[in-house]
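The structure under discussion appears below in the form of structure tokens.
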Amino acid sequence: MRKYEYSDELVNLVKNFLIEDEWYFSFDESIGVFNFELKLQRKIPRINYLVDIHEEEIIVYGICPIAADSNDANMMARMAEFLCRANFDILNGCFDFCFRDGEIRFKSFIDCQNCTPSQEVIKNGIFSTAGMYGYYASGIVDIIFSDCTAMEAIEKCEKLYKDGDFKFGKYRM
């Protein structure tokens, strides 16, 4: 039995994309949420996905498997500044940061009001989340493990991109 209302059409669109692209996933019918992970070849080796289906939108969450130490006020402040700086130029989506437990996630939104998204739109929603982690992973890791400042971390991410060490493609911002 469903706890929440969501669009069966949107569920089927996302499910078809995931099947065709050979993803391993689970779907919770009671709340309309897909769950899967993606392995990355970056400093953050994987991200956990939740794709939350509603009546007129799809929300894609990419949850980082590492978190800032919520007991370290300095680290929490540096991470908040870093994610705020990262969010500044992102066109679709943003990093969220939980001050309670240090969780980091990227959230993107697919508007489906009065329209049906194409498979390409769904693909972009899922892969743009991975792209953001690909671009910003080194900064997140440096703040958590290397006592790096937010500005140093952002500059390092931008330098990796400019130097061609990371091919971001159309998912940059």
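Conditions: (1) under 21 Å from ALA137 (Cα atoms); (2) of a type outside the set (A, V, I, L, M, F, W, C); (3) at pLDDT below 95. TYR4 meets all but one. Number of the miss?
(1)
Test GLN113 against the stated conditions and say whether it is of a type in the set (S, T, N, Q) and either free of Cβ contacts under 8 Å to residues at least 24 places away in the same chain or surrounded by 16 or more Cβ atoms within 10 Å (Cβ to Cβ) (or both).
Considered against the rule, which asks whether it is of a type in the set (S, T, N, Q) and either free of Cβ contacts under 8 Å to residues at least 24 places away in the same chain or surrounded by 16 or more Cβ atoms within 10 Å (Cβ to Cβ) (or both), GLN113 comes out as no.
Can you confirm whether LEU13 is closer than 30 Å to ASP142 by Cα, surrounded by 12 or more Cβ atoms within 10 Å (Cβ to Cβ), aliphatic (A, V, I, L, M) and out of contact with any Phe, Trp or Tyr (no Cβ under 6 Å at 6 or more places or on another chain)?
No.
Going through segment 28-45 one residue at a time, which ones are open to solvent by 50 Å² or more (accessible area, probe 1.4 Å) and in a strand (DSSP E or B)?
Within segment 28-45, ASP28, ASN35, GLU37, LYS39 qualify.
Look through ILE19, ILE58 and report the one residue that is open to solvent by 50 Å² or more (accessible area, probe 1.4 Å) and aliphatic (A, V, I, L, M).
Exactly one residue qualifies, and that residue is ILE19.
Given the structure, is LEU50 open to solvent by 30 Å² or more (accessible area, probe 1.4 Å), part of a strand (DSSP E or B), in contact (Cβ under 8 Å) with a residue 24 or more places away in the chain and of a type in the set (A, V, I, L, M, F, W, C)?
No.
For segment 123-154, enumerate the residues that are touching a strand residue (DSSP E or B) at 6+ places or on another chain (Cβ under 7 Å) and either on the phi > 0 side of the Ramachandran plot or aliphatic (A, V, I, L, M) (or both).
ILE126, ALA130, MET132, ILE140
The values are calculated or read from the model by the stated rules, or taken from the named source; none is laboratory data. Keep in mind the model is a prediction, meaning the values are calculated, not measured. All Cβ positions, even for glycine, are placed from backbone atoms using ideal geometry, and neighbour counts span all protein chains on display. Just the protein is used for accessible areas: all its heavy atoms, side chains included, with ligands, DNA and RNA removed. Shrake-Rupley method; radii C 1.70, N 1.55, O 1.52, S 1.80 Å.
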